[in-house]
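The block underneath contains the structure these notes are about, expressed in structure tokens.
The values are calculated or read from the model by the stated rules, or taken from the named source; none is laboratory data. This one's a predicted model, so the numbers in the text were calculated from it and none came from an experiment. Don't worry about glycine lacking a Cβ; one is built from the backbone with ideal geometry, like all the others, and counts go over all protein chains shown.
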2 protein chains.
Amino acid sequence: MIIGAMEAGGTKFICGVGNEEGEILDRISFKTETPDKTLQQAVDYFKDKGVQAIGIGSFGPINMDLSSPLYGHVTTTPKPGWGGFDFVGVMKQHFPVPIGFDTDVNAAALGEVQWGAAQGLDNCVYYTIGTGVGVGVYAEGRLIHGLVHPEGGHVLTRRHPEDRFEGLCPYHGDCLEGLAAGPAIEKRWGVKGTMLPTEHQAWEMEAYYLGQAIAGVILLLSPKRVILGGGVMHQKQLFPLIRREVRQALNGYVATPAILESLDTYIVPPSLGNNAGLCGALALGIKAIKGWA
Amino acid sequence: MIIGAMEAGGTKFICGVGNEEGEILDRISFKTETPDKTLQQAVDYFKDKGVQAIGIGSFGPINMDLSSPLYGHVTTTPKPGWGGFDFVGVMKQHFPVPIGFDTDVNAAALGEVQWGAAQGLDNCVYYTIGTGVGVGVYAEGRLIHGLVHPEGGHVLTRRHPEDRFEGLCPYHGDCLEGLAAGPAIEKRWGVKGTMLPTEHQAWEMEAYYLGQAIAGVILLLSPKRVILGGGVMHQKQLFPLIRREVRQALNGYVATPAILESLDTYIVPPSLGNNAGLCGALALGIKAIKGWA
């Protein structure tokens, strides 16, 4: 079975094909432009691949309410041309096959559950910390959508006592994304995060915010694993700092060995590496055929 | 079909019997003492009722991991005699019927989904704000357990700028429960909340904390309804104040009519009133027979 996979990011699209074992057999990537231009490239890529389903992990917000006439649309993004775009509808016109559609982060969570760092678990949370902060939630064997879909990057945390940066989120100023996404790091310190030394205070501050948010998720959802991906998390020195913050924030309250003793295997990077997003989209495609929840 | 229901609280037990329509046909309540004494009263109550299943909504933390030898036990509570108590095991000895077991707040969420304020919805969050703060989560048609179970009462919120109270939580000091549960209100203001006038600053401060926490839950889980129960929420003036805080905290980011236009029907009291907990336990009992997720 050949499945199409599409990681639809706000700045970059990645298209690929893969199989049921989670193997990516081919991939291309191109810049995200207007929907017309961008989708045309995707259609051109997939048209002679014989895909039996397509999975799309999309930037958002998106409409995933199957009972809505706007199902499959991108909704209120400020990205030119994409607000109200009928993403699934256009793909369906070209490819009359089952199409799976979810947020990029829910897709990544599902990919990690199928083949990666949360393999076999029925509960996990996937963070991406990059140009924004996104959270995918997989709980009791299902991706969580709810009314819209999780937007956990915008939660409030307490301010670090030494942080004078006002935050970058156009909606909330100093929410998690406003304080801890890549652009916030760059604005606060005046250089890109990749230019900062690993022992720079930036990372301790970053871990302070992410650790608080993750502790909140652990309290609220009790995930069986927390996976931290995205460009900012290429700074591997963050992992031990974040684990320390989480341990301090919980302070022994969630009395289970995974958290009290094994935080190193509980808060982890994605194991699908650069293919995490595309494997997630692949998993959505397979799910669309097989009816995984 | 007659189902037994047990709302096992830290200070009070309520036992009752009901039917599949959610009707409570009989109920008693008694003080929570040692497990031996308390369970004996429950057993005496149920023994001639002909129950075909029993649902237990319990104070926690509890073990709900069906693969664990400690399934059905109360775990680390400081309550004398209850730590490590095999709650389900003891009930099974006396009543060899299906037994449903979950947290009191998950039970209440399920009851409201079956017969109450979230009827027919596949996603809702239930808060109880009383002597503690508890959160039950029902998402995509299932109660969320995860690694342990939600403990969302212990999340951190930002401090109200005028609040000098240090908080009462033995684990976290000024987490939500430490700042907003009934005992915190009493300690902060020197009198029980029920003695404070409805226009007292206490309520604005209370709404500040609860509103922040609820906004966080909306971002993370996108519930289709948020139900606020428990003794503190008998202060009905809190509802409009909390809705205002939530609206401010989200600031238009979650752009869906339920939140932008209809917060009055989105953040609501439980509609099962004083039977919310017991109906929840009843729902757990029915679920144990019928295999509801």
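Below are the figures for this structure:
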quantity: Residue pairs meeting the criteria (Cβ under 9 Å; at least 6 apart or on separate chains; first more than 20 Å from B:Ile2 (Cα to Cα), in the range B:256-285; second acidic (Asp, Glu)); calculated: B:Pro270/B:Glu112; B:Ser271/B:Glu112
quantity: Subset of the range B:69-85 [closer than 18 Å to A:Tyr253 by Cβ and away from chain A (no Cβ under 14 Å)]; calculated: B:Lys79, B:Trp82
quantity: All positions within the range B:149-169 that are facing chain A (nearest Cβ under 9 Å) and either surrounded by fewer than 23 Cβ atoms within 10 Å (Cβ to Cβ) or farther than 29 Å from B:Ala107 by Cβ (or both); calculated: B:Arg158, B:Arg159, B:Cys169
quantity: Enumerated strands (runs of 3 or more DSSP E) restricted to the range A:1-44, each holding at least 2 residues that are under 16 Å from A:Ala288 (Cβ atoms); calculated: A:3-8, A:12-18
quantity: Residue list for the range A:155-192, restricted to those being touching a residue at least 40 places away in the same chain (Cβ under 8 Å) and more than 21 Å from the chain's Cα centre (by Cα); calculated: A:Arg158, A:His160, A:Glu162, A:Asp163
quantity: Matching helices (runs of 4 or more DSSP H) fully within the range B:178-293 where at least 3 residues are more than 11 Å from chain A (Cβ to nearest Cβ); calculated: B:182-189, B:201-221, B:238-250, B:263-266, B:276-290
quantity: Number of positions in the range A:52-83 that are of a type in the set (Val, Ile, Thr) and surrounded by 20 or more Cβ atoms within 10 Å (Cβ to Cβ); calculated: 4
quantity: Yes/no for B:Ala207 being under 20 Å from the mean Cα position of the chain (by Cα), modelled with pLDDT of 95 or more and more than 24 Å from B:Gln119 (Cα to Cα); calculated: yes
quantity: Count of residues meeting criterion [surrounded by fewer than 24 Cβ atoms within 10 Å (Cβ to Cβ) and either in contact with a Pro (Cβ under 9 Å, 6 or more places away or on another chain) or more than 11 Å from chain B (Cβ to nearest Cβ) (or both)] in the range A:109-131; calculated: 9
quantity: Count of residues meeting criterion [surrounded by fewer than 20 Cβ atoms within 10 Å (Cβ to Cβ) and of a type in the set (Phe, Trp, Tyr)] in the range A:3-44; calculated: 1
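Residue-by-condition table, conditions (1) among the small types (Gly, Ala, Ser); (2) touching a strand residue (DSSP E or B) at 6+ places or on another chain (Cβ under 7 Å):
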{"position": "A:Arg164", "(1), (2)": "no, no"}
{"position": "A:Gly167", "(1), (2)": "yes, yes"}
{"position": "A:Tyr171", "(1), (2)": "no, no"}
{"position": "A:Ala202", "(1), (2)": "yes, no"}
{"position": "A:Tyr208", "(1), (2)": "no, no"}
{"position": "A:Leu219", "(1), (2)": "no, no"}
{"position": "A:Leu238", "(1), (2)": "no, no"}
{"position": "A:Glu245", "(1), (2)": "no, no"}
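Condition check ((1) at pLDDT below 95; (2) assigned by TED's automatic domain parsing to the domain that holds A:Val125; (3) surrounded by fewer than 16 Cβ atoms within 10 Å (Cβ to Cβ)) across all residues:
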residue	(1), (2), (3)
A:Ile218	no, yes, no
A:Glu245	no, yes, no
A:Gly252	yes, yes, yes
A:Thr265	no, yes, yes
